[in-house]
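Just below is one structure, and these are the notes that go with it.
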Amino acid sequence: MRAALALLLFLAAAHAIHRGKAYVRDKVCQEYRMLGKENFRTLTIIANSRKYSNGTFEEIGHLVREIVSLAETCCADGADAACYENGSTALSVKSCSPDSPFPAHPGTAECCAQQGLEKKLCLAALRHPPQPLPRYLQPSDKELCQAFRQDPREFADRFLYEYASSYSQAPLPVLLGSTRTFLSMVSTCCISPAPTACFLKEKLERKTLSLLTLTSNRICSRFSAYGKDKVSFSYLASLAQKVPRAPFEDLLPLAEDAAEVSSQCCDSVAEDCMKKKLLEHTAKVCAALATQDGRFADCCTGKNLMENHFCILAMPPAPAPELPKASEPTNKELCGKDGALHATRFLFELARRHPSLPDAVLAKLYDSSGKLREECCSTKDPSTCLDSKVSGVGAPGAHPVPPHHSATQIPTEAFPSLVTPTLCPQRKRMQAELLPFLEKTSRLCRKYNELPFLEFKKRLRESLTQAEPEASPAQLEQLLEKRVSFASTCCLPDAPPLLCASKVSSELAEACKESCLLG
């Protein structure tokens, strides 16, 4: 395992820092000889399936064969000194041909316009964005064994491709361990006289590793999309929605610790980094929150900390509590040395008062608050800048709260200048459109999380029919499917961040009806 990780570390870094052609050749050959052809091939499948997660099995197969052939030919005793350089050059030329059999990538044309080493480095740096959600579905035990017996090598290759491309954001050590134990389980149980009992035993033994793969892929996908600071806020908002009566001072250190786990372990090749740090973090969460909330206490009762962490991640938001009005930070506080902290505290207050607002919406507000402070706090008159960005926001009568206002609705005063920068030239129109959008989204996600799916869809159809009496059946169905797609994708705790950010931007753009310039 350590040798495999050393190779993968090299594969990840070799193209980033060029130390000479001979160094690259010698390093590859050293690892190839140390691991042997089959292990080298296996790791090449995993590394490239992970890197080109949207490539087809056939495309990854072409690339793997070329890479392994290059190593096999040029690392043989007596191979010409120029073999590796010539072979890698031929590989880059093949990548740039119109009929290239390798995974397609939007940036390939720009790379191919360069020459020599720059072209190779550019091609090597290309990678696909991660899949929004893992697509790998484990077949039944019977189907696994049928495929394994038919062609063990083809079975292993296809599994490595499907699993690594589905969980491409999981740290490499986690991915290696998970694929290795799975293939070991299949090869053992499919020749066992009692396959069913064998599979049951093996699955129980690898349950913790399976959860670690699923969880770390989710954690690192969010870290890749958000970065450390935004991941910290995302986790803080999630905790605020799950245990809304816990104070900011208790939850912020936990959120910062979670972001530190992502920062240290998502790109690490240390064998136990993610498992060790995640278990330590789970212990901290349980120590801080199990006595404050019964649901956390239930999740933290088991001895398996990985299962406890998964339980906490899957926990739905709590009902909205009755809390006093959140105090709005002043302009001076927003532009002071702790301005980011004041902004985060206010958004925390917003999240715990409106637990059904999805992560993607809160993340959008977080981005907006950062842009606003960046734009205004460096000016000669920050207060004038901040106030001008939200002309009329919070003014009496600007957006009156309906008499039937409830805890799940979002009043105007919940959105001061902090979260409503001038993204629209027509500021009052933005205010009139944005606040109902946030309220509508909160209500949509609350119903989605409360109701069975078919009942949710039925009630949504009824409400849309009442709200849009002049719409045709086709228009209503189109609107229904759009709302259902948004809810089923973005209202869940494990919502894919990049996909949902795109959906939120699209919904906001429509809500502003082209009067906003949304970032």
Segment 433-476 - residue that is assigned to a helix (DSSP H, G or I) and hydroxyl-bearing (Ser, Thr, Tyr) and, of those, farthest from ALA360 (Cα to Cα): THR465
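Conditions tested, residue by residue: (1) within 32 Å of the chain's Cα centre (by Cα); (2) assigned by TED's automatic domain parsing to the domain that holds GLU507; (3) closer than 20 Å to LEU357 by Cα.
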site	(1), (2), (3)
LEU454	yes, yes, no
ARG459	yes, yes, yes
GLU462	no, yes, no
THR465	no, yes, no
GLU470	no, yes, no
GLU477	yes, yes, no
LYS482	yes, yes, yes
SER485	yes, yes, yes
LEU492	yes, yes, yes
Enumeration of residues in segment 175-217 that are surrounded by fewer than 17 Cβ atoms within 10 Å (Cβ to Cβ) and not in a helix (DSSP H, G or I): ILE191, SER192, PRO193, ALA194
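If the requirement is being at pLDDT below 95, crowded, with 20+ Cβ neighbours inside 10 Å and over 24 Å from LEU175 (Cβ atoms), which of these qualifies: PRO317, PRO247, PRO324? Full working, then the answer.
Details: PRO247 fails: crowded, with 20+ Cβ neighbours inside 10 Å; PRO324 fails: crowded, with 20+ Cβ neighbours inside 10 Å.
Criteria check complete, one pass: PRO317.
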Any pair with Cβ under 6 angstrom, 6 or more apart, that starts in segment 225-253 at a residue that is within 19 Å of MET315 (Cβ to Cβ) and hydrophobic (A, V, I, L, M, F, W, C) and ends at one that is modelled with pLDDT under 95 and part of a loop (DSSP other than H, G, I, E, B): VAL243/ASP293; ALA246/GLN292
Near pairs, Cβ below 9 angstrom, 6+ apart or cross-chain, from segment 125-138 (farther than 17 Å from ALA225 by Cα) to any residue that is in a loop (DSSP other than H, G, I, E, B) and modelled with pLDDT of 80 or more: ALA125/GLY107; TYR136/TYR167
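Just checking, does segment 42-56 include any residue being closer than 24 Å to TYR163 by Cβ, within 34 Å of the chain's Cα centre (by Cα) and surrounded by fewer than 19 Cβ atoms within 10 Å (Cβ to Cβ)? Reasoning before the result, please.
First, pick out the residues of segment 42-56 that are closer than 24 Å to TYR163 by Cβ: 42-56.
Filter once more, keeping what is within 34 Å of the chain's Cα centre (by Cα): 42-56.
Next cut, surrounded by fewer than 19 Cβ atoms within 10 Å (Cβ to Cβ) only: 54, 56.
Yes, because at least one residue in segment 42-56 is closer than 24 Å to TYR163 by Cβ, within 34 Å of the chain's Cα centre (by Cα) and surrounded by fewer than 19 Cβ atoms within 10 Å (Cβ to Cβ).
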Where a residue in segment 301-321 is free of Cβ contacts under 8 Å to residues at least 40 places away in the same chain and its partner, wherever it lies, is surrounded by fewer than 19 Cβ atoms within 10 Å (Cβ to Cβ) and of a type in the set (Gly, Ala, Ser), with Cβ under 6 Å and at least six apart: ASN308/GLY302
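Looking only at segment 327-339, filter to residues that are in a helix (DSSP H, G or I) and touching a residue at least 60 places away in the same chain (Cβ under 8 Å); which one of those is farthest from LEU362 (Cα to Cα)?
ASN331
Could you tell me which residue of segment 155-175 is farthest from ARG218 (Cα to Cα), considering only residues that are among the hydrophobic types (A, V, I, L, M, F, W, C) and out of contact with any Asp or Glu (no Cβ under 9 Å at 6 or more places or on another chain)? Full working, then the answer.
Here is the first cut: in segment 155-175, the residues among the hydrophobic types (A, V, I, L, M, F, W, C) are 155-156, 159-160, 164, 170, 172, 174-175.
Retained after the next criterion (residues that are out of contact with any Asp or Glu (no Cβ under 9 Å at 6 or more places or on another chain)): 155-156, 159-160, 164, 170, 174-175.
Working: PHE155: 26, ALA156: 24, PHE159: 20, LEU160: 19, ALA164: 14, ALA170: 8, VAL174: 13, LEU175: 13 Å.
If we take residues in segment 155-175 being among the hydrophobic types (A, V, I, L, M, F, W, C) and out of contact with any Asp or Glu (no Cβ under 9 Å at 6 or more places or on another chain), then PHE155 is farthest from ARG218 (Cα to Cα).
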Sole residue being loosely packed, with under 13 Cβ neighbours inside 10 Å and within 23 Å of LEU214 (Cα to Cα), chosen from PRO132, PRO106, PRO139: PRO139
Where a residue in segment 493-510 is more than 26 Å from ALA314 (Cα to Cα) and its partner, wherever it lies, is of a type outside the set (Ser, Thr, Tyr) and not in a helix (DSSP H, G or I), with Cβ under 9 Å and at least six apart: LEU508/LEU423; LEU508/CYS516; LEU508/LEU518; ALA509/CYS516; ALA509/LEU518
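Tell me, yes or no, whether segment 352-365 has at least one residue that is charged (D, E, K, R) and farther than 29 Å from GLU450 by Cα. Break it down into steps so the answer makes sense when it comes.
Step one: list which residues in segment 352-365 are charged (D, E, K, R), which gives 352-353, 359, 364.
Still in the running and farther than 29 Å from GLU450 by Cα: none.
Taking every residue of segment 352-365 in turn, none turns out to be charged (D, E, K, R) and farther than 29 Å from GLU450 by Cα.
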Checking ASN217 against (1) over 19 Å from LYS142 (Cα atoms); (2) at pLDDT 95 or above; (3) not charged (D, E, K, R), the condition it does not meet: (2)
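Within segment 251-272, track down each residue that is of a type in the set (D, E, K, R) and modelled with pLDDT of 95 or more.
The first filter runs over segment 251-272 and keeps only residues of a type in the set (D, E, K, R), leaving 256-257, 260, 267, 271-272.
Across segment 251-272, the qualifying residues are GLU256, ASP257, GLU260.
Let's see how each residue does on (1) part of a helix (DSSP H, G or I); (2) closer than 19 Å to LEU350 by Cα; (3) among the charged types (D, E, K, R):
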| residue | (1), (2), (3) |
| --- | --- |
| SER263 | yes, no, no |
| SER268 | no, no, no |
| VAL285 | yes, no, no |
| CYS311 | yes, no, no |
| PRO319 | no, yes, no |
THR384 closer than 23 Å to LYS242 by Cα, among the polar types (S, T, N, Q) and assigned to a helix (DSSP H, G or I): no
Filter pass, SER368 being among the polar types (S, T, N, Q) and in a helix (DSSP H, G or I): yes
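Within segment 76-98, which residues are charged (D, E, K, R), modelled with pLDDT of 85 or more and within 17 Å of GLY116 (Cβ to Cβ)? First the steps, then the outcome.
Step one: filter segment 76-98 for residues charged (D, E, K, R), giving 77, 80, 85, 94.
Right, trim to modelled with pLDDT of 85 or more and you get 77, 80, 94.
Listed by number, the list holds a single entry, LYS94.
The values are calculated or read from the model by the stated rules, or taken from the named source; none is laboratory data. As the structure is a computational prediction, the values presented were derived from the model and not from experiment. Every residue, glycine as well, gets a Cβ built from its backbone with ideal geometry; the counts of neighbours run over all protein chains shown.
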